[in-house]
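**Student:** This is the structure I have questions about; it appears just below.
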Amino acid sequence: MPPPDENTAVDPTGAAWVVWLVIVGPGLLFATLMCVRRVGPGELVLVVRRGEVVRVRRNGFVARWPGLERFEPVTTDPRVVPLVIRSRTSDGVDVVALADLTVQVRDVEPGAAYVPPAQAARLAEDTVARAVEQLEVESLVDDLEALETQWPRQLTRQLPVGTAATALAVTEVEARLTGNPG
């Protein structure tokens, strides 16, 4: 009988299962854990590919393709985002305003563009800054208070369907009333 070819040799110890158990098994387990996520209570998990929402889950498990897609967990409870707005009034006074934006995600449709929370904050900051630019410093606080009821509707129109700005309140306004020394 001729000696066995080295390419067709059988593992004489029968230890091939060890390779599967020690090397391949943990790799498959790790890949599975990285590609599947459990949806927690009070959140939506969005699967985003190239800036577009491809899947949405409200409960259970959701899967993704590693490298192509990513998970974006979003709370469905109202979330308060602090804002800092720097602007200049129509009469040339520099103003720093602090505000609170309340955003709530109710639902997201697959195919919608993914809007990160930072973009919603930027939209709100720009809205308040544009309003400050139209006002004079002497009536700034009263005029901003009057505009607070209009801003949530205006912001909600700019956000994706299912996401709503429920409140935008200016909490503090600081105006620089002195000139630059020097």
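The values are calculated or read from the model by the stated rules, or taken from the named source; none is laboratory data. Since the structure is predicted, the reported quantities are computational estimates derived from the model, not experimental observations. So basically every Cβ, Gly included, is an ideal-geometry build from the backbone, and we count neighbours across all protein chains shown. Protein only, heavy atoms only, side chains kept; ligands, DNA and RNA dropped before computing areas. Shrake-Rupley method; radii C 1.70, N 1.55, O 1.52, S 1.80 Å.
**Student:** Where does helix 25-35 land angle-wise versus the long Cα axis of the chain, in degrees 0 to 90, nearest 10?
**Tutor:** 20
**Student:** Hey, of [x] 1.28; [y] 1.74; [z] 1.18, which did the structure itself give for Cα Rg over 2.2 N^0.38 Å when calculated?
**Tutor:** [y]
**Student:** Follow-up. Lys/Arg Cβ at +1, Asp/Glu Cβ at -1, dipole of the chain taken about the Cα centre: which of Thr89, Gln134, Leu155 is farthest positive-ward?
**Tutor:** Farthest towards the positive end: Leu155.
**Student:** How much length, in nm to one decimal, is gained on full extension between Thr102 and Glu52, taken as 0.36 nm per residue of separation minus their Cα-Cα distance?
**Tutor:** 15.6 nm
**Student:** If you stretched the chain out fully between Asp142 and Glu43, how much longer would it get, using 0.36 nm times the residue separation minus the C-alpha to C-alpha distance?
**Tutor:** 31.9 nm
**Student:** Across the range 32-72, what fraction of all alpha-carbon pairs, as a whole percent, falls in each successive 10 Å bin from zero upward?
**Tutor:** Answer for the range 32-72: a P(r) of 34, 56, 10 percent.
**Student:** Could you work out which residue, out of Leu29, Leu98, Leu46, moves most in a Gaussian network model of the chain, that is, has the largest mean-square fluctuation with Cα springs under 10 Å?
**Tutor:** It is Leu29.
**Student:** Sticking with this structure for a sec: Report, in whole Å, the centroid distance computed from the Cα atoms of the range 73-92 and the range 95-148.
**Tutor:** Centre-to-centre (Cα) distance: 5 Å.
**Student:** At 0.36 nm per residue, and after removing the present C-alpha to C-alpha distance, how many nm does the segment from Leu177 to Arg157 gain when stretched out fully?
**Tutor:** 3.7 nm
**Student:** Let me ask another. With a 1.4 Å probe and all protein chains left in place, how much accessible area per residue does the chain have, in Å²?
**Tutor:** 65
**Student:** I'd like the carbon and sulfur percentage of the solvent accessible area for the chain, probe radius 1.4 Å, heavy atoms only, ligands and nucleic acids excluded. Intermediate results must be reported in sequence, preceding the final value.
**Tutor:** On the way: 6810 of 11900 Å².
Carbon-and-sulfur percentage of accessible area, whole number: 57.
**Student:** Additional query: What is the Cα coordinate range of the range 112-182 on the first, second and third principal axes, sorted by size from largest, in whole angstrom?
**Tutor:** 51, 29, 19
**Student:** Right, here's the next one. In debye, nearest 20: dipole of the chain around its Cα centre with unit charges on the Cβ of K, R (+) and D, E (-)?
**Tutor:** Once rounded to the nearest 20, the dipole reads 780 debye.
**Student:** Could you state how much accessible area Leu68 has, in square angstrom rounded to the nearest 10, with a 1.4 Å probe and all protein chains kept in place?
**Tutor:** Near enough 120 Å² of accessible area.
**Student:** Go ahead and estimate [θ] at 222 nm for the chain from helices alone: -39,500 (n - 2.57) per DSSP H run with n ≥ 4, summed, over the residue count, rounded to 500.
**Tutor:** -7500 deg cm²/dmol
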